[in-house]
Amino acid sequence: MVFTKMAALSVRSCPRFNQRGDDVPCECGELAVLDGNVQKIIAEMAVRARIEPSALLAVCEVESGGRVFARIGTRLEPVIRFEGHYFDRRLTAHKRETARREGLASPDAGAIANPKTQAGRWRMLERAAKIDRKAAYESTSWGLGQVMGAHWAWLGYSSIGALVEEARSGAAGQVALMLRYIEKAGLSESIRNHDWHAFARGYNGPGYRKFRYHTRIARAYARHRKASQTGGTGESGDATLRPGARGPAVEDLQRMLSALGYPLRPDGQFGRLTAQAVSRFQRDTGLNPTGVVTQETLEKLRGNFNSPLSFSGLAKGFLAILRRIFDPGHPR
């Protein structure tokens, strides 16, 4: 079934895991948190989507409760939520009767409670799939972004199986699914502009205020942005990045500079080549070319990054990608 934009927005599973409305993840099972590797994946994919890494990290953190995987036996699977009222409307009369009898379907939203643990939710999904696999997968929200399987055609997947395969492929697949939804739903500009009201309204539905999605994303963004300004070391002070700094904030800086046509390898180390790239960017944008990233430089960088890239910037970025592919010794 192909959904219009408004229809798709109206059928997302919301609210999801943390219904208390705070920033503490709820008890959904034995899950992994957003570790450093996952944060790197999110940051890299944010840059490719022309989204500030701190902004996408904030949204991912709030939407997932800081959780990406559930351990199901020996497998790591994406976190899920099964919606019995979706399942009910997607079944034939005979299958619907069976599903209702087994406590898997109901015409009423919320009547089929999800188990508290992810292991229990996956068992529920497996039971539903025995009745109708396609309907069961379409009735489930998948992964870090909790995107409903029912959107598979609207999002451009060839089948529900293709959407599920991407969600189960790893953290990058989950982020790709989430970004596809953000783009298709017309929410890219709101996240680039840090308009958290508009983003939460579009992503979480008209009830977003009740669970304070907009304020939680804003707080998470402020925290990630502060970390990027202090080099990811937790130090307070003049909010600068300078030669010798290390950490995720430097990686974000290097990725953003690369995307704008100042190619660097994102190794998280603010060395000589990073300082030179910063100086070139500062000179090109009318700033004092000190090679030190001050608050003014950060603002100018974010402003250029969130605007459409110039042809020269795209060309330089493409050449940088070719260098990384064909020249493993490309400088940091």
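Readers should treat all values here as calculations from the given coordinates under stated rules, not as data from a laboratory. Just so it is clear, the structure is predicted and the values come from calculations on it, not from any experiment. Using ideal geometry, Cβ is built from the backbone for each residue, glycine included, and neighbour counts are taken over all protein chains shown.
What the table below lists for this structure:
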item: Restricting the stretch 66-140 to trypsin sites (Lys or Arg not before Pro) in coil, as DSSP defines it, with at most 15 other Cβ within 10 Å; result: Lys116
item: Calculated log₁₀ intensity ratio I(q)/I(0) where the Debye formula runs over C-alpha points of the stretch 255-295, q = 0.19, 0.29 Å⁻¹; result: -0.49, -1.08
item: Kirkwood Rh, angstrom, the stretch 80-128 [1 / mean 1/r, Cα pairs]; result: 10.7 Å
item: Ordering of 138-150, 209-221 by packing [mean C-beta count within 10 Å, highest first]; result: 138-150, 209-221
item: Table column - 3J(HN,Hα) (Hz), the stretch 106-113, Karplus curve with 6.51, -1.76, 1.60, x for Gly and Pro; result: 7, x, 9, 4, x, 6, 9, 6
item: Table column - 3J(HN,Hα) (Hz), the stretch 278-283, Karplus curve with 6.51, -1.76, 1.60, x for Gly and Pro; result: 4, 4, 5, 4, 4, 5
item: Estimated vicinal HN-Hα couplings, Hz - the stretch 174-182 in sequence order (Karplus 6.51, -1.76, 1.60; Gly, Pro = x); result: 5, 5, 4, 4, 4, 5, 5, 5, 4
item: Sequence of Leu273, Leu257, Leu298 once ranked by neighbouring C-beta atoms within 10 Å, starting from the fewest; result: Leu273, Leu298, Leu257
item: Amide H partners (placed H, <5 Å) of Ala153, local residues excluded; result: none
